[in-house]
Amino acid sequence: MRAFLPSDSCKETQLNAINPQSWLQVERGKFSKLSSSCTTTSSSIESFIKVPEPPIVPFFKPVDYVEVLAQIHEELESCSLQERSNLYLLQFQIFRGLGETKLMRRSLRSAWQKAGTVHERLVFGAWLKYEKQGEELIVDLLATCNKCAQEFGPMDVASQFPVEVDGALQETVVTDGEKSLKNVNFWIGDEKIVCRRQKIASLSAPFHAMLNGYFNESLCEDIDLSENNISPLGLRTISVFSVTGCLSDVPPDLLLEILVFANKFCCERLKDACDRKLASSVCTKDDAVELMEYAIEENSPVLAASCLQVFLHELPDCLNDERVVEIFSHADRQQRLIMAGQASFSLYCLLSEVAMNLDPRSDKTVCFLEQLIESAETDRQRLLAFHQLGCVRLLRKEYDEAESLFERAVGLGHVYSIAGLARLGYIKGHKLWSYEKLSSVISSVNPLGWMYQERSLYCEGDKKWEDLEKATELDPTLTYPYMYRAASLMMKQNVQAALGEINRVLGFKLALECLELRFCLYLANEDYKAALRDVQVILTLSPDYRMFEGRVAASQLRTLVREHVDNWTTADCWMQLYDRWSSVDDIGSLSVIYQMLESGEAKGVLYFRQSLLLLRLNCPDAAMRSLELACQHASNEHECLVYEGWILYDTGHCEEGLRKAEESIRTKRSFEAFFLKAYALADSSMDFSCSSTVISLLENALKCPSDNLRKGQVRFLLPYLFH
């Protein structure tokens, strides 16, 4: 989830990032008082440096990821076409629990590509579009390469539905002795509409029985239809359709009238024609809101799918419209079937995620998750839905409901939901029960790091420390144990040990919460230069980041800290960057680049260097943002082409990236253009003979002007290519 979903903290350790007095001092700019007050005693440090407890996340977290992923892979090889998308969706949920963004998107794309129904294509296409918010530049770049992202564009929904309506009933002629009634006169009020009797009879079994059966109307030339909610114009249009089979130039209001009439008299061909014609008229959200009601009421799947497409295309904004939320929130099983076919679970998975990202505590989030539970067809789908709603109920402090949901998820085999039960037990004052609950899990399965991390919340002293050490041993990527140990060491005024502890995790995982804690440690130790470095890296990763539980902007803290640090000249910055880059101090390099960007010089080059560092630190989203900024600030065309090429390459469009490199070289030979071409060619070709071409390109790169930082990388690579 993009939105951070925090849990309720345990009672004894409800944590705040900074006390109110210190916060006021920051607000008023009284930074020196803040820093001096925070370094005097352990109690003042304690009020300044706090660690929030790990959240209960709304993800599917199996005990054995490998086993479950292998099982899904096996099922994908033997399942029916109708089951594939749901399996890819489950795979997506597992990768999300692992935080594997690229694998998540790959699973979503597979679900879209293997979709067996129009509804699945709509849902997963919209999901991919939603996941790629902010990537409009990539779509534009692909368009310049005559390639477009198909999942982004609107679909001709009607063409995706097979025509399953039976042909016309056989026309017959009813005679009464020598008399044959070829026409029938329908009366609506004072208006007469002359229709061909057998053409109307062929529209449906009820009309056939009425006009050719043993009813009084069968022998009548005049029939009154005034009480059937059809206008004279509507009936004339139906008469034309009965002869031609077409509905040409019929306005939507009249189509709706005819649709209702066709449904009433079981005119399936006419109804299908209205359904498809109306589907093509849905252009705006207001159209979709109005017509979805008719689609559901009249069981018109094509129209419903067309309305659904409009809603999904406008995510997340459409969920701010209460009319749209009402449609999705209160649909029963039959209405969900009309609206989403067999993709109901996928639809509500998407809607729930979007709603949680907007506001996990909102009523609409609860409604969508309740619909998700109703739509679930397998135990794996149910356990995910129960767990997610349990997390939201916990967040809303609806503890009894949350407990019931977590219990149901555990009953279906989701062991991670026990963490939710333990939190609830502690909130209700049963700390020992929570500890024993986690102990029981640890002893009954192959334990994972999160189990020891969770159990550490319900014990103190050496036991807590041992559990956190075990959590780190089993899962070094968990940040809470490092942060807790660092904060504890700082409380004991063991500054170097505290910094050493938090540096352990920052050495391989650039987590914002860890950078924020280290910033606080440096601040408490009055090391303003190091504190400035960390806050500048925080702003590089997340320009709008707010610290101290969201109460103060990181940019404001940077302004205050910078008053205590000497300014660097441009020459100083380049020297600092060279030193840090050479020593592979990526965090330090990012901080220097952040400072250099304020000078306004060579911003395109600096943003590009920033992106390289962020990729090396495994921060792909921030790296992409830096690449886009590099494009915006490129000083010339050939430089911009290189950055566009890297954007295409990094988003999986290697051939298009290669073409951008070649275009840049044709414009002007440059180090970066040759390097990009060599890199993309080496990655895209499976032919080992291309090594000589790659080497030649890198040698050409070295002949072009550049600084020693970049050329050093090429000189480092070349010996490996010769082998």
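Nothing in this text is a laboratory measurement; each read-out follows from the coordinates by a stated rule. Keep in mind that this is a model prediction, so the values were computed, not measured. Heads up, the Cβs are rebuilt from the backbone with ideal geometry, glycines too, and the neighbour counts pull from every protein chain shown.
Side notes on the structure shown:
- With Cα atoms, 0 to 90° folded angle of helix 101-113 axis to the chain main axis: 10
- Residues of type lysines that Lys264 reaches as a straight line, Cα spacing below 19 Å, ignoring anything fewer than 8 places off in the same chain: Lys199, Lys277
- Expressed to the nearest 5 percent, the antiparallel share of DSSP beta bridges inside the chain is 75 percent.
- With θ taken as phi - 60° and the Karplus curve 6.51 cos²θ - 1.76 cosθ + 1.60 applied, the whole-hertz 3J(HN,Hα) list for the range 82-89 is 5, 8, 4, 4, 5, 5, 5, 5 Hz, x standing for glycine and proline.
- Inter-label distance for His330 and Asp224, nm, one decimal - labels placed 7 Å from Cα along Cα-to-Cβ: 3.8
- Tensor-based shape of the range 637-723 (alpha-carbon gyration tensor, a/c under 1.5 rounded, otherwise prolate or oblate): oblate
- DSSP beta bridges in the range 162-314 [antiparallel fraction, %, rounded to 5]: 75
- When the charge dipole of the chain is built from unit charges on Cβ atoms (+1 for Lys and Arg, -1 for Asp and Glu) and taken about the Cα centre, the candidate among Ser706, Asn229, Tyr649 whose Cα reaches farthest toward its positive end is Ser706.
- Amide H to amide H distances under 5 Å link Val552 with Met547, where only residues 5 or more positions off or on other chains count and H is placed in the peptide plane.
- Dipole magnitude (debye, nearest 20) for the chain, charges at Cβ of Lys, Arg, Asp, Glu: 2200
- For the range 515-613, trypsin sites (Lys or Arg not before Pro) are listed when DSSP marks them as loop and at most 14 other Cβ atoms sit within 10 Å of their Cβ; the list is Arg551.
- Remark: the Leu474-Ala205 segment gains 89.9 nm on full extension, using 0.36 nm per residue and subtracting the alpha carbon distance.
- Here the dipole of the range 281-420 is about 560 debye; that uses its Cα centre as origin and unit charges on the Cβ of Lys and Arg (positive) and Asp and Glu (negative).
- Amide H partners (placed H, <5 Å) of Ile223, local residues excluded: Asn185, Phe186, Trp187
- Once the Cα-Cα distance is subtracted from the 0.36 nm per residue extended length, the Trp568 to Tyr399 segment shows a gain of 55.4 nm.
- Helix-only [θ]222 nm of the chain, DSSP H runs n ≥ 4, -39500 (n - 2.57) each, per residue, nearest 500: -20500 deg cm²/dmol
- Derived scalar couplings ³J(HN,Hα) [the range 359-364; Karplus, 6.51 cos²θ - 1.76 cosθ + 1.60; whole Hz; x for Gly, Pro]: 6, x, 8, 6, 5, 5
- With Cα atoms, 0 to 90° folded angle of helix 691-703 axis to the chain main axis: 60
- Exposure here means at most 12 other Cβ atoms within 10 Å; with chymotrypsin sites (Phe, Trp or Tyr not before Pro) in a DSSP loop as sites, the longest stretch of the chain lacking them is 216-507.
- Whole-angstrom gap from the range 349-363 to the range 282-316, using each part's C-alpha centre: 21
- Per residue, the average separation of C-alpha pairs within less than 8 Å and at least 6 apart gives the range 162-314 a relative contact order of 18 percent.
- Taken about its Cα centre, the range 207-302 carries a charge dipole of roughly 360 debye when the Cβ of each Lys and Arg holds +1 and the Cβ of each Asp and Glu holds -1.
- Spin-label zone in the range 236-261 - amide nitrogen under 13 Å from a point set 7 Å from the Cα of Val163 along the C-beta vector: 244-247
- Between Glu136 and Ala553, the contour length at 0.36 nm per residue exceeds the Cα-Cα span by 147.4 nm.
- Derived scalar couplings ³J(HN,Hα) [the range 276-281; Karplus, 6.51 cos²θ - 1.76 cosθ + 1.60; whole Hz; x for Gly, Pro]: 5, 5, 5, 4, 6, 9
- The chain, relative contact order in percent, only Cα pairs under 8 angstrom and at least six apart counted: 10
- Rel. contact order, % - alpha carbon contacts under 8 angstrom, at least six apart, the range 637-723: 24
- Low-density loop positions, GluC sites (Glu not before Pro), the range 419-482 - DSSP coil, at most 16 other Cβ in 10 Å: Glu460
- In degrees, nearest ten, helix 654-667 long axis to first principal axis of the chain (Cα): 70
- Reported to the nearest whole Å, the Cα centre-to-centre distance from the range 210-226 to the range 426-504 is 83.
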